[in-house]
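To start, the structure under review is shown below, and the notes come after it.
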Amino acid sequence: MSDESWLRTGIGDSDADSITLMGRDLATELMGRVTLTELSFLLVRGRMPSEQEARLLDAVLVSLADHGLTPTVLAARLTHTGAPESIQGAIAAGLLGAGSVFLGVVEDTARFLDELLDEVGPDASEARLREEAERAVGERVAASRRIPGLGHPVHKAGDPRTPRIYAIAEETGQLGPHLRLLRVVANAHEEQAGARLPINGAGVAGAALADLGFPAELLRGAALLARTAGLLGHLAEEMRQPLGMRLYREIDERAVYEPPASGDEPPVSGDGPPESADS
């Protein structure tokens, strides 16, 4: 490879008269003709989605946009309280709080399913999927490890997003190997653990995105694309109905100060954060 050939991009370019995105004229071929969902698919997959793919992707993004006053939302609102002149800082604060506990389940689930599918292949029979799921779930149950995509701290009986995503996937012909396998995993866990954990919204979103061809390493980014809309809504509400300053003041007033005894090390809680709190 020559010294000049490495510096390239196929995403976008512009000159004095035009802007080009993915080989298409932005103004005449994309604006007013494609949705943001379709454009996101195009940017990641390098082609326009079918109508069916776009519908499933749009449903997934909508499902991940907001889940109430989560820590990521509070981070955004409190950052706005301290720096109201920096809307970009507030949104960035909310996005930076999305990881292994919140929203990271989208990626974790896809990676877990990818590992199983690598063993059996995408066209495996239901029996082979069940066999592999039972093995993987058994190992995790024995080691007291969570199963990515199962369980929710709020929706204990069932996440309302899950059946809707499955229904749309079936209606559009997009029920692929990841979504199929996730159901098998949930059943295998119930049989081995003796308790039913529902498939959560982030888990089903990760499986659906994987079936749409999104690589696992990009899935947190897809989740953040959706959550940005939710954060923008919360910040609009924060400007109308501020709660950040009152929240800070209440915590400050109610917090009990306990100075450490001389020579003592600060206590460390053994509980720690939950492994995941899907939102």
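The values are calculated or read from the model by the stated rules, or taken from the named source; none is laboratory data. On a predicted model such as this, the values are computed, not experimentally measured, just so you know. Note: ideal-geometry Cβ built from the backbone for every residue, glycine included; neighbour counts use all protein chains shown.
Per-structure values
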quantity	calculated
Flag for Val73 being buried (at least 16 other Cβ atoms within 10 Å of the Cβ), in contact with a helix residue (DSSP H, G or I) (Cβ under 6 Å, 6 or more places away or on another chain) and assigned by TED's automatic domain parsing to the domain that holds His152	no
Which numbered condition Leu235 fails, given (1) closer than 16 Å to Ser63 by Cα; (2) surrounded by 18 or more Cβ atoms within 10 Å (Cβ to Cβ); (3) modelled with pLDDT of 95 or more	(1)
Hey, Leu42 part of a helix (DSSP H, G or I), free of Cβ contacts under 8 Å to residues at least 24 places away in the same chain and buried (at least 16 other Cβ atoms within 10 Å of the Cβ) or not	yes
Verdict on Val204 being over 17 Å from the mean Cα position of the chain (by Cα) and surrounded by 23 or more Cβ atoms within 10 Å (Cβ to Cβ)	no
Near pairs, Cβ below 9 angstrom, 6+ apart or cross-chain, from region 233-249 (of a type in the set (Asp, Glu)) to any residue that is surrounded by 11 or more Cβ atoms within 10 Å (Cβ to Cβ) and part of a helix (DSSP H, G or I)	Glu237/Arg77; Glu238/Ala76; Glu238/Arg77; Glu238/His80; Glu238/Thr81; Glu238/Ala90; Glu238/Gly244
Any hit, region 157-168, residues being more than 21 Å from Phe102 (Cα to Cα) and among the aliphatic types (A, V, I, L, M)	yes
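Conditions tested, residue by residue: (1) over 18 Å from the mean Cα position of the chain (by Cα); (2) surrounded by 12 or more Cβ atoms within 10 Å (Cβ to Cβ); (3) at pLDDT below 95; (4) among the hydroxyl-bearing types (Ser, Thr, Tyr).
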position: Ser125; (1), (2), (3), (4): yes, no, yes, yes
position: Arg128; (1), (2), (3), (4): yes, yes, yes, no
position: Ser144; (1), (2), (3), (4): yes, no, yes, yes
position: Asp159; (1), (2), (3), (4): no, yes, yes, no
position: Ala167; (1), (2), (3), (4): yes, yes, no, no
position: Glu171; (1), (2), (3), (4): yes, yes, no, no
position: Leu175; (1), (2), (3), (4): yes, yes, no, no
